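*Asks:* Please read through the structure below; I'll follow up with questions.
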Amino acid sequence: MAAPDWKLIERAEAAAVEVLSHNLRGPYQGLPRTAGWGYPEPYTRDLMIASLGVLVSGQERLVKAWRHVLEVQARNQTPLGHIPSLVHDPDDRGASDTTPLFLLAVGLFRQVTGNPEFLREATDRALTWMEYQGPCDRVLVAQLPTSDWRDEQWVLGYGLYVNTVLYAALCLLGQHERADALREMMTHFTVKGERQQRHVHEGLVLRRKPYYAMWSYKVYRSERFDLLGNSLALLSGLASPTRAGHLVTWIETECEELQKNDDLAISLPPNFFPYIRPGDPDWIPRYEKYNQPGEYHNGGIWPFVCGFYIAALVAAQRYRLAERKLMVLTSLIRACRIADVEFGFNEWHRAQDGTPQGQDWQTWSAAMYLYAAHCVRARATPFFDRCRETPSNA
């Protein structure tokens, strides 16, 4: 097995820092932009996720700018505690993942700075907001369709991704009792049958499958695979070491089958599979234009999500596999759709041929590459290591 090409990886890391530096000041109150040319806006979820790469970059200028982003978000927080979708616009509301991502990023910064009081008032309000997102007052939070990062994907009720973000945030913020309760609810089995029995609560664990349901609500659920949510389950320690091992093996086996069927061109997992196809019960007419099989949120390959998967492989102690996947990702991020640069850090790629289809120099693509490379090199997952060491995961 060939060793990683660390010289190429180091060039890619330097390029990622260049992307983040280029995107550092956009046209909206001087806040970071989401992509080098296509998205000038400071999208909350993109910048919060990018915090992971920023904090391991060693670039003080970037860290200072991201701290400022958090402070602006705190000022624009609603009176009830919700964090808006755009950092600078307090009226752009309704996202299900912005508030838990804000909490996660605050937890990251508190760990780095050693200041447990950083944005205390805003954090307390955000924690209260999340308490009220549980319809049954059970810690597990629910959402409306297209309200998280997948604006063209229906996730209804108790979504895996949002709840794993919240779980990691609670661990980092020292909210261990609440984290334990959330973990206990998430690890219930999903409800089977046409009727939900009284006092039987649905969860996100699927019978005879190593991965977690994409979403669950009462007798309804999606058993399609959500790569980001499951990667976060591995990173945060929601998945036991045994389940983590089975899950990684399952992902790699399923991706080999996708490649054999010409549904996947490269050996990186799509963000979502099996793809939703016309005629499937969960196919929505709008997908015809915006969400074709193997594209966008319906199975596109997203470099930032692959960064989380590579970090999850490190958490599962699959170090050699993580090295191989990092090399594949390093090749993928070189592709550009429009820009004339050595590393495109595109937003997303079509699964069937690997071609870039989104915006070049995407902030979270660059940041999560930095984080993934750091994890592989160190054989550790900064910040999430602490989540897996919390009392609920001991």
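*Asks:* Given Pro293, Pro269, which one is without any contact (Cβ under 8 Å) to a residue 60 or more places away in the chain, in a loop (DSSP other than H, G, I, E, B), under 16 Å from Glu252 (Cβ atoms) and touching a strand residue (DSSP E or B) at 6+ places or on another chain (Cβ under 9 Å)?
*Replies:* Pro269
*Asks:* Any idea which of (1) of a type in the set (S, T, N, Q); (2) closer than 22 Å to Ser331 by Cβ; (3) surrounded by fewer than 17 Cβ atoms within 10 Å (Cβ to Cβ) is the one Ser57 doesn't satisfy?
*Replies:* Going through (1) of a type in the set (S, T, N, Q); (2) closer than 22 Å to Ser331 by Cβ; (3) surrounded by fewer than 17 Cβ atoms within 10 Å (Cβ to Cβ) one by one, Ser57 breaks only (3).
*Asks:* Do you know which residues across region 75-92 are hydrophobic (A, V, I, L, M, F, W, C) and surrounded by 19 or more Cβ atoms within 10 Å (Cβ to Cβ)?
*Replies:* Scanning region 75-92 gives Ile83, Leu86, Val87.
*Asks:* Looking at Arg11, Arg33, which is the one that is of a type in the set (D, E, K, R), surrounded by 23 or more Cβ atoms within 10 Å (Cβ to Cβ) and in contact (Cβ under 8 Å) with a residue 60 or more places away in the chain?
*Replies:* Of the residues listed, the single one that is of a type in the set (D, E, K, R), surrounded by 23 or more Cβ atoms within 10 Å (Cβ to Cβ) and in contact (Cβ under 8 Å) with a residue 60 or more places away in the chain is Arg33.
*Asks:* Can you name every residue in region 335-394 that is at pLDDT 95 or above, in a loop (DSSP other than H, G, I, E, B) and under 30 Å from Glu184 (Cα atoms)?
*Replies:* Arg379, Ala380, Thr381, Pro382, Phe383, listed by residue number.
*Asks:* Please go through (1) among the charged types (D, E, K, R); (2) more than 18 Å from the chain's Cα centre (by Cα); (3) over 23 Å from Ile333 (Cβ atoms) for Asp97 and return the number of the only condition it doesn't satisfy.
*Replies:* Looking at each condition in turn, Asp97 falls short on (2).
The values are calculated or read from the model by the stated rules, or taken from the named source; none is laboratory data. Remember, predicted model here, so these are calculated numbers, not experimental data. FYI the Cβ positions are ideal-geometry reconstructions off the backbone, even for glycines, and counts take in every protein chain you see.
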